[in-house]
Amino acid sequence: MMQTSTSRHFFEDFPPPDDLKHTIRDAEAFVKLNSVKNKNVVLITSGGTAVPMESRTVRFIDNFSTGTRGAASTEYFLAAGYAVIFLHRARSAKPFVRHFPEEKLLDLFVLKEAEGNDTSASAITVKQDESTRLARVLRSYHSASSTNSLLSIPFFSLQDYLYFLKSISDVLGQLRQKSMFLLAAAVSDFYIPSDEMPEHKMQSSEGPPEVRLSSVPKMLPVLIHRWAPEAFIISFKLETDPKLLLLKARKALDTYQHEVVVANILEERRKKVVVITADSETQLEISEEQRGSGQELEDILVQDLVAKHEAFIQSAAGR
């Protein structure tokens, strides 16, 4: 009860995002449509959360996350037949377009100028060695788009993220065991309460600011036990000390009583994870050779999670 009270106080401290009602309507329509199709639906959170330092934000405290794992996992869940709500940090990695970094995007194309001064007759083609890869990605993207299987929702601040998470959880939780939460976002541990935050931009002429940070309430237990109590929930545990990794991941699983913790070491996160459940520990790994050929760890991770989710659904049906 203490945790619920603390989380409620956090939401009372900040106004909701301007587009919250619109986002809820989109999520409700998306979940209803895919429920009719009897699809499982997964919410994937991705990227880092910014902590504003002023009410009218100019400066903010950020954390490290490119959103690559969430974006890649989205593609593999779509390929597995899931519908995906992709709640992501604005300007972090996105499914499909992540394969073509912005700084190299124009290098995909060849411009063949028309003869004379008729620029309207110029032709643009895709480089031959890129066309196969582009076609594969476009095929997957159009499949997700044409079947209304992907809903992308961007956020910027910690406050916006938590408002969206709560509201979408309320909607998605209605699917009970057929809903999944893949909580891959790097959520800030600290924030500045609204009554301690200056309204306007802090002036450098006034010298270095003294900032007192407060701890962000733990929303995971509220999600597990109140917002979506029958959903299949996966959290992530990132550490830099291998000696602490499994211990802390197991402690999180035991404390919050959800289904899966995906644990990884910072330097190895692209090639190795351990998937931990109440009664198992499964190490998933790809080699440098596999990575070099284009294979991704998220492919085998999603396969493992899909199998565990299916067993979870069957177990609930048998009760």
Check your understanding: Per Stokes-Einstein, at 20 °C and 1.002 mPa s, what whole-number D in µm² s⁻¹ belongs to segment 243-307, with the Kirkwood radius over Cα pairs as the hydrodynamic radius?
Key -> 172 µm²/s
Exercise for review: Would you mind ranking Phe11, Phe64, Phe181, Phe236 so that the residue whose beta carbon has the fewest other beta carbons within 10 Å leads the list?
Suggested key: Phe64, Phe11, Phe236, Phe181
Practice item. Identify, among Val302, Gly318, Val275, the residue whose Cα sits farthest towards the positive end of the charge dipole of segment 265-319, taking +1 on the Cβ of Lys and Arg and -1 on the Cβ of Asp and Glu, with the dipole about the Cα centre. Key: Gly318
Point to revise | the chain, helix-only ellipticity at 222 nm - DSSP H runs n ≥ 4, -39,500 (n - 2.57), divided by all residues, nearest 500 | key: -12000 deg cm²/dmol
Review point. Tell me, what is a quarter of the convex hull surface for the C-alpha atoms of segment 153-219, in nm² with one decimal?
Key: 6.3 nm²
Revision key, fill the gap. From fewest to most C-beta neighbours within 10 Å, the residues Ser122, Ser235, Ser35 line up as Ser122, Ser35, Ser235
Review point. Equivalent-ellipsoid semi-axes (√(5λ), Cα gyration tensor) for segment 88-219, whole Å, largest first?
Key: 42, 27, 12
Check your understanding: For the chain, what is the convex hull (Cα atoms) projected area averaged across all directions, in square nanometres?
Key -> 22.0 nm²
Exercise for review: Holding the Cα-Cα limit at 19 Å, pick out from Lys32/Lys94; Lys94/Lys272; Lys218/Lys272; Lys127/Lys271; Lys166/Lys218; Lys248/Lys272 the pairs that are longer than that.
Suggested key: Lys32/Lys94; Lys94/Lys272; Lys218/Lys272; Lys127/Lys271
Practice item. Averaging over all projection directions, find the projected area of the Cα convex hull of segment 25-64 and quote it in nm² with one decimal place. Key: 4.4 nm²
Point to revise | Neighbour net charge for Arg56 - beta-carbon separation under 10 angstrom, K R +1, D E -1 | key: -1
Check your understanding: If you place +1 on the Cβ of every Lys and Arg and -1 on the Cβ of every Asp and Glu, how big does the dipole about the Cα centre of segment 184-276 come out, in debye to the nearest 20?
Key -> 560 debye
Revision key, fill the gap. Once normalised by the length of segment 46-100, the mean sequence separation of its alpha carbon contacts under 8 Å that are 6 or more apart gives a contact order in percent of 38 percent
Exercise for review: Sort largest first and round to whole Å: the equivalent ellipsoid semi-axes of segment 214-266, each the square root of five times a Cα gyration tensor eigenvalue.
Suggested key: 21, 13, 9
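Since every read-out is calculated from the coordinates, none of them should be taken as a lab result. Computed from a prediction, not measured in an experiment: that's the story for all the values here. Note that each Cβ is placed from the backbone with ideal geometry, even for glycine, and that neighbours are counted across all protein chains shown.
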